[in-house]
Amino acid sequence: MDLQEERIGGTALLVPKGRVDSGTAPALGDRLATMLGDPIDALVLDLSGLEYISSAGFRALLIANRTAQSRSVAL
């Protein structure tokens, strides 16, 4: 999995590419948590470059969603 990141004002963009499985999901989760810890208004995820996402990857996204909601960050 490759992660590309961009910031535009108060919005952060994260573009994972490749496969998100049990081996790469922790890296995705860590990156999402770090980004949501920064002062941002919104986090945009572009998942169009994913070839595959496992339940572990979906779990990382669900945790990120809960974190975003608790910090009033649009996801």
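The values are calculated or read from the model by the stated rules, or taken from the named source; none is laboratory data. In this text, all values refer to a predicted model and were calculated from it rather than measured experimentally. Heads up, the Cβs are rebuilt from the backbone with ideal geometry, glycines too, and the neighbour counts pull from every protein chain shown. Surface accessibility is based on the protein's heavy atoms, side chains included, excluding ligands, DNA and RNA. Shrake-Rupley method; radii C 1.70, N 1.55, O 1.52, S 1.80 Å.
Structural remarks
Conditions (1) assigned to a loop (DSSP other than H, G, I, E, B); (2) open to solvent by 70 Å² or more (accessible area, probe 1.4 Å); (3) at negative phi, marked per residue:
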| site | (1), (2), (3) |
| --- | --- |
| G18 | no, no, no |
| S22 | yes, yes, yes |
| L28 | no, no, yes |
| L32 | no, no, yes |
| M35 | no, no, yes |
| P39 | yes, yes, yes |
| L47 | yes, yes, yes |
| L62 | no, yes, yes |
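- Residues of segment 1-16 classified as among the hydrophobic types (A, V, I, L, M, F, W, C), open to solvent by 60 Å² or more (accessible area, probe 1.4 Å) and within 19 Å of A74 (Cβ to Cβ), total: 1
- Residue check for S54: open to solvent by 30 Å² or more (accessible area, probe 1.4 Å) and either modelled with pLDDT of 95 or more or among the β-branched types (V, I, T) (or both): no
- Any chance A64 is among the small types (G, A, S) and within 12 Å of L75 (Cβ to Cβ): yes
- Any pair with Cβ under 6 angstrom, 6 or more apart, that starts in segment 1-25 at a residue that is of a type in the set (A, V, I, L, M) and modelled with pLDDT of 95 or more and ends at one that is open to solvent by 50 Å² or more (accessible area, probe 1.4 Å) and assigned to a loop (DSSP other than H, G, I, E, B): V15/D46; V20/M1
- Tally, over segment 1-16, of residues that are assigned to a strand (DSSP E or B) and out of contact with any strand residue (DSSP E or B) (no Cβ under 8 Å at 6 or more places or on another chain): 1
- Residue count, segment 64-75 (criterion: crowded, with 16+ Cβ neighbours inside 10 Å, in a helix (DSSP H, G or I) and not polar (S, T, N, Q)): 2
- Complete set of residues in segment 39-65 that are touching a Leu at 6+ places or on another chain (Cβ under 9 Å) and closer than 16 Å to L13 by Cβ: A42, L43, V44, L45, D46, L47, L61, A64
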